[in-house]
Structure formats: structure tokens, C-alpha cells
1. Provide a single number: the residues in the stretch 11-52 that are surrounded by 13 or more Cβ atoms within 10 Å (Cβ to Cβ), over 30 Å from residue 68 (Cβ atoms) and of a type in the set (Ser, Thr, Tyr).
2. Considering 183, 194, which residue is within 21 Å of residue 36 (Cβ to Cβ), open to solvent by 50 Å² or more (accessible area, probe 1.4 Å), among the polar types (S, T, N, Q) and in contact (Cβ under 8 Å) with a residue 24 or more places away in the chain?
3. Would you check if residue 177 is within 19 Å of the chain's Cα centre (by Cα), within 21 Å of residue 79 (Cβ to Cβ) and among the small types (Gly, Ala, Ser)?
4. Take the residues of the stretch 104-144 that are open to solvent by 70 Å² or more (accessible area, probe 1.4 Å) and more than 19 Å from the chain's Cα centre (by Cα): which is nearest to residue 44 (Cα to Cα)?
5. Tally up the residues in the stretch 200-233 that are assigned to a helix (DSSP H, G or I), out of contact with any Pro (no Cβ under 7 Å at 6 or more places or on another chain) and closer than 14 Å to residue 25 by Cβ, please.
6. Name the residues in the stretch 39-77 that are outside any helix (DSSP H, G or I) and either within 20 Å of residue 187 (Cβ to Cβ) or touching a His at 6+ places or on another chain (Cβ under 8 Å) (or both), would you?
7. Can you work out which of the residues in the stretch 55-79 that are under 15 Å from the mean Cα position of the chain (by Cα) and surrounded by 16 or more Cβ atoms within 10 Å (Cβ to Cβ) is modelled with the lowest pLDDT?
8. Only one residue in 152, 147 is surrounded by 13 or more Cβ atoms within 10 Å (Cβ to Cβ) and modelled with pLDDT under 90, so which one is that?
Amino acid sequence: FYRSKWVGLSNFQFIFTSNDFATFMRNTLCYNLLFMLVGIIFAIGIAVGVNELGQRKLAKFYHTVLFMPYFLSWIIVTYVVYAFISSTGLINNFLTSIGRETVNIYAAVKAWPFIFLFANIWHYACHGSIIYLATITGLDQELYEAAAIDGAGKFKQFRFITFPQLVPTIVLLQILAIGRILNGDFDMFYNLPNGAGTLRAAYLTLDVYVYQAMKSAQNLGLPSAAAFFQSITGFILVIVTNGIVRKIEPDLAMY
């Protein structure tokens, strides 16, 4: 350790001066923002839907079934996706059976943002709904009874009772999510494309780029520099986002 050569900022320079910098930063930021936005909608939708089920045992059953994808490894999911979209997969076999041309999805770069989005929502949405469901079940049921007596339907009850009560939880979770905006889901982005080089522009995120660079150069300083950059950036973004929230609505800020 004491005889190690001091490399200064060369590991950081490797990241910021890379020809792929624009690609992996764009993918990392855009994918995470997309996952956050769509994930909120599905997580709240699942929480509200499960809460509206009259039978508690049935609600627990549906929530358990929807929660199961969270426990599946991305390796397993990769092979399931391959069984559907490969050249001999179910989709191309179906197209062949009806006389249509087969589609090479592993070469269709534009299709993969939608595949990543679907996979992310399928894998994480129910897990993200747990906190929202806990918040909803803790609400005063007399508010809903009073609203029903006044003639408010389910949609108006959600709009004027449920959603306003969920806003503090939504804001808190999104402030924390902003801190992880540079942390891509490495397992999903690296495994799901199944090593297809033609899809590099679609799956190259900061984590994948650093891993590939480390694997080829055997330089442990690269992931260390990337992790430090992600942590510092996330910390700054959390502070800034919380400050903005505190200026707009002090009661919703973390501190």
C-alpha cells in the first residue's frame, strides 16, 4: 500500500474523457428518470388495486403473486426473455406460423428501451408498492365513508383523499431515488441483452461501462472512482432536491 504509485485523477479522467461518456451518461440518466416516473404510476396503481379488494386473503394472494418477480434472478429472466425473442423463440415461431417475416430483436436497438422499461416495472413495481400500500391501509376509513355518503365514487375518493395523503410518501421516496440516479441496475442492463454487441448503444450505462473497462484493463481504480463519483453526485442531488422541496413545501422536505 505504501509503495503504490499515486495516479492522481487519472481514473476519473478515464471516465470523463471517454468517447462513450455521452452514451452511458444519457442512458443512465434517461433510464432512471423513466423508471422513476413510470414506476410511481404502477406502484401506486398496484397499492390502490390491492387495497380495494374486499377479501383480505385474496388481496394477500394477489400481492404475493405480483411480488414474486422481485425474487427472480436476472439470469433466469434473461433466459425467459431469450425464449421469447430469439430467432427460434416463441414470437418468431408465431410470426413464421402466420406467414410473416421473423424479427431479429437482438439487433433492434430502438426496441430495447421498451424492453428494459417493461422488465424493470415487472421486476420492481410491486416491491415499490409496499410502502404506498402501508400508507393507504393506515388512512382513516371514516374519510372514505363520509365521501361515499356525499356521493363520491372511487376515482374521486382516490383524487381527493388517497392521493393527497400519499404525496408526502411519494416526495420522500423520490428524493431518495434522485440520490441513486447514476446507479444503473447493472444485472439487468448487462444480462438481459445476452451479450449482443449490436445493442451496446442501448444497454451501455455507467456501471456496465466501468465493468467492461475493468474486465479488459484489470484496473480496480476504475470502479472505485466511478463509485465515488456516483456517491458524491447522489449526495449533492439529494441535498439540492430536498432544498427545492423545502422552498416549495417545507412540510414535505426530509429535514
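1. 2
2. Values: 194 fails: within 21 Å of residue 36 (Cβ to Cβ).
After ruling out the rest, the residue left standing is 183.
3. On the way: within 19 Å of the chain's Cα centre (by Cα): yes; within 21 Å of residue 79 (Cβ to Cβ): no; among the small types (Gly, Ala, Ser): yes.
Spelling it out, it is not the case that residue 177 is within 19 Å of the chain's Cα centre (by Cα), within 21 Å of residue 79 (Cβ to Cβ) and among the small types (Gly, Ala, Ser).
4. 137
5. Going residue by residue through the stretch 200-233, those that are assigned to a helix (DSSP H, G or I) are 200-203, 206-217, 221-233.
Filter again for out of contact with any Pro (no Cβ under 7 Å at 6 or more places or on another chain), leaving 200-201, 206-209, 211-213, 215-217, 221-233.
Checking the rest, the ones that are also closer than 14 Å to residue 25 by Cβ come to 201, 206-209, 226, 229-230, 233.
Of the residues in that region, 9 qualify.
6. Narrowing the stretch 39-77 to residues outside any helix (DSSP H, G or I): 53-55, 72-73.
The answer is 72, 73.
7. Restricting to residues being under 15 Å from the mean Cα position of the chain (by Cα) and surrounded by 16 or more Cβ atoms within 10 Å (Cβ to Cβ), the top hit is 69.
8. Values: 147 fails: modelled with pLDDT under 90.
Exactly one residue qualifies, and that residue is 152.
The values are calculated or read from the model by the stated rules, or taken from the named source; none is laboratory data. Just so we're clear, the structure is a prediction, and the values are computed from it rather than from any experiment. Every residue, glycine as well, gets a Cβ built from its backbone with ideal geometry; the counts of neighbours run over all protein chains shown. Ligands, DNA and RNA are excluded from the accessible area calculation, which covers all protein heavy atoms including side chains. Shrake-Rupley method; radii C 1.70, N 1.55, O 1.52, S 1.80 Å.
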